[in-house]
Each structure stands twice: as C-alpha cells, then as structure tokens.
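First the structure, in the form of structure tokens, and then the observations on it.
The values are calculated or read from the model by the stated rules, or taken from the named source; none is laboratory data. All figures in this text were calculated on a predicted structure; none of them were measured in a lab. Here Cβ is always computed from backbone atoms with ideal geometry, including for glycine, and neighbour counts include all displayed protein chains.
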Amino acid sequence: MVTKMAQTKSGTGWKAIAGPVIAAGMFVLAAVPAGATAAVGPAESERDASAVSADYTVYIGGFKAAEGTIRATLNDDAYDLQSFLGVAGVPKNFFDAKWTMESEGRIDNARPQPGRFTFHSDEGGKIKYREMTYDATGRPEMTFDPPLRPNEKIHVLPHERQNTLDPISALLVPVVAGNNPCDRTLAIFDGKRRYDLRLAFDREGTVTTRDKGYSGEAIRCSVQMAPRSGMRQTSFIRMLQQRDNAHIWLAPVNGGSIYIPVRIQVRTPIGGAIMDIVKLRQHAANGTAAKTAAAK
C-alpha cells in the first residue's frame, strides 16, 4: 500500500484520495450534535448555551490520511457550527490540503434553518472560497472567490435548492426522546451539488473508537446517497448509492436527547475509510469545560 501511495507523487493520485477523504469527512463534519428540540420543555429552552467539540482522524486502507476538529455551539434556537479537515500522515508528504466549513442558523419548527454557510479550501496553495446566504424562503444564494469559470456552471435549478441543508447542518436534526435517530432523509445542497442522504436503522450495540475517544452504546445507521443534480457519476458516487457501503454510529449523550456521530465507515475505490472520534468534549458556551463524553 505504501509503495502504491508513493507512486502517486505527481499529485493526480493524491487528488483521487482527497475525494474520498473530503466526502467521508463531509459525513462526519455534517454529523454534529442532533439536539432534541422537539422534546425540550420551557425550563430547558432557557438554559445556558452549550458547546460540543471533537477531534477525529480518518484512516484509509489502514493508513492515516486526514485529521480534523468540529465544534458546535447551541443557544436556545440558534446554532453555530465550525469544522476543519486536513490531510495528515504519509499523504501530506505529497499532497497538502485543508478544508474549513462554518454554518450558522436557527432551529424552527423542529428543523434547522441555515442562515449562512461558508467553505474554504486550500489544496496545495490553490485557495477557493464559497459562501451561501439564505433568504426568508430558505433559498440559498452563492458567492464564489475566485468566480466560477464558464465550464463550472451550477447545474442545480433554484427551486431544487430551496429548503435544503448545507453539509454541516445536515444532521443537526431534532430527535424526539425515544425515537430512532436514523429514521430520516436529508436534502443537501453544498453550493454546487444537490443530493439526498438516506439514513436507516441497522443495529444497536456498543462501539469503541480509536484511542478510546468513545466507548459505549451506539446505534448504527446505514447511509445511502441519492444524487439529484450537479453530480458526476464517479465510481465513488456509485459506491455511495449502495445501501451497505456507508455506516454511521450515533451515540447518545445528555440522557439520550442528543445523538452525536462517533464513527463513520465508508467504502471507497482505494480502500475502506474509517473516521473515528478520538477526543470528545462538552463545554459551557463560555469555554468552561464541563466533561469529556468518552465512557470511563
């Protein structure tokens, strides 16, 4: 495997690896705490803002390929999400890239309503910035820097963008206490591509992630991608369309009213990708650490 990686030094091979890394990363970066707003009573809605932060790693074919962090701040019906993903391990010797995403919005009628989403990428010094702002009807308007080239036209019609979620807020979905957190279909638009993520219950049990970042009970969901528009049919996309090629483990915290993703496993054309939470922390929004969520 290392020999095969070294043969990709030209950069083309590493961009092929970066695709699965980014796509797998989107699953985890999207899967920030799912607040049970529908189950919250008046006293709960008045509590102080809270935050959850996590460090995670991505391994592909048994080798470390990326690492990152996510942070979610929840305050009444408002949310602020930040994420970072960067190439790591052996791949960084040949292809250095970093991706940052931020999303802010509110929860209305037990559903996230994004207000603003940004995506910043630095791939070998080639920097791109994308911003989406949402109007009162839930339709996003995009800004690109540098501007898109003529051959990069967005093939997603305005009505297809309406009432969609950005990749980070996609799994910030209220879960009524006792309900299955896997039972949902998420309509996502990232500024270029429109697709659905279909989650379905697979099984319930226990899981221990890398470095024991989390060890305890979790619900495993299958994740199936359904492309809508603006997506090329690559071999990786075709794999994601199959039900058994991607799974996410959701762990309950806060008495089961909140679920967070602790592991994601995705098959890619270059090997299995596993993203594991390696450190999980809950804080007060002012930065005071509350506790580490890993089981003792």
Looking at the range 92-106, is at least one residue on the phi > 0 side of the Ramachandran plot, touching a residue at least 12 places away in the same chain (Cβ under 8 Å) and out of contact with any Gly (no Cβ under 7 Å at 6 or more places or on another chain)?
no
Conditions (1) within 20 Å of residue 68 (Cα to Cα); (2) free of Cβ contacts under 8 Å to residues at least 12 places away in the same chain; (3) of a type in the set (Asp, Glu); number of the one not met by residue 135
(1)
Counted residues, the range 81-99 - those being surrounded by fewer than 18 Cβ atoms within 10 Å (Cβ to Cβ) and in contact with a His (Cβ under 9 Å, 6 or more places away or on another chain):
1
Take the residues of the range 195-217 that are over 14 Å from residue 252 (Cα atoms) and small (Gly, Ala, Ser): which is surrounded by the most Cβ atoms within 10 Å (Cβ to Cβ)?
213
Tally the residues that are in contact with a helix residue (DSSP H, G or I) (Cβ under 9 Å, 6 or more places away or on another chain) and closer than 26 Å to residue 158 by Cβ, restricting the search to the range 196-223.
2
Any idea which of 154, 127, 188 is hydrophobic (A, V, I, L, M, F, W, C) and farther than 22 Å from residue 231 by Cβ?
127
Pairs, please: C-beta under 7 Å, at least 6 apart or cross-chain, first residue in contact (Cβ under 8 Å) with a residue 24 or more places away in the chain and in the range 263-283, second among the acidic types (Asp, Glu)?
263/276; 278/55; 278/211; 279/55
What single numbered condition from (1) loosely packed, with under 15 Cβ neighbours inside 10 Å; (2) under 21 Å from the mean Cα position of the chain (by Cα); (3) at positive phi; (4) among the small types (Gly, Ala, Ser) fails to hold for residue 78?
(3)
Residue by residue through the range 238-250, note down the ones that are at pLDDT 85 or above and farther than 19 Å from residue 169 by Cβ.
246, 247, 249
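Listed here are the residues, each with its yes/no results for (1) touching an Asp or Glu at 6+ places or on another chain (Cβ under 8 Å); (2) at pLDDT 90 or above.
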position	(1), (2)
162	no, yes
171	no, no
175	no, no
179	no, no
186	yes, no
204	yes, yes
Among the residues of the range 41-59, are any modelled with pLDDT under 80, under 18 Å from the mean Cα position of the chain (by Cα) and at negative phi?
yes
In the range 116-165, what count of residues is obtained for those that are assigned to a strand (DSSP E or B) and under 18 Å from residue 186 (Cβ atoms)?
6
Within the range 116-125, residues surrounded by 17 or more Cβ atoms within 10 Å (Cβ to Cβ) and without any contact (Cβ under 8 Å) to a residue 24 or more places away in the chain come out as 118
If we scan the range 68-83, do we find a residue that is at pLDDT 50 or above and over 30 Å from residue 137 (Cα atoms)?
yes
What number of residues within the range 52-84 satisfy the criterion of being of a type in the set (Val, Ile, Thr) and assigned to a loop (DSSP other than H, G, I, E, B)?
0
Would you check if there is a residue in the range 211-225 being at pLDDT 85 or above, over 17 Å from residue 263 (Cβ atoms) and not hydroxyl-bearing (Ser, Thr, Tyr)?
yes
Please go through the range 214-234 and give me each residue that is among the charged types (D, E, K, R) and over 17 Å from residue 266 (Cα atoms), ordered by number.
217, 228, 232
Read through the list (1) part of a strand (DSSP E or B); (2) of a type in the set (S, T, N, Q); (3) surrounded by 13 or more Cβ atoms within 10 Å (Cβ to Cβ), then give the number of the only condition that residue 185 fails.
(3)
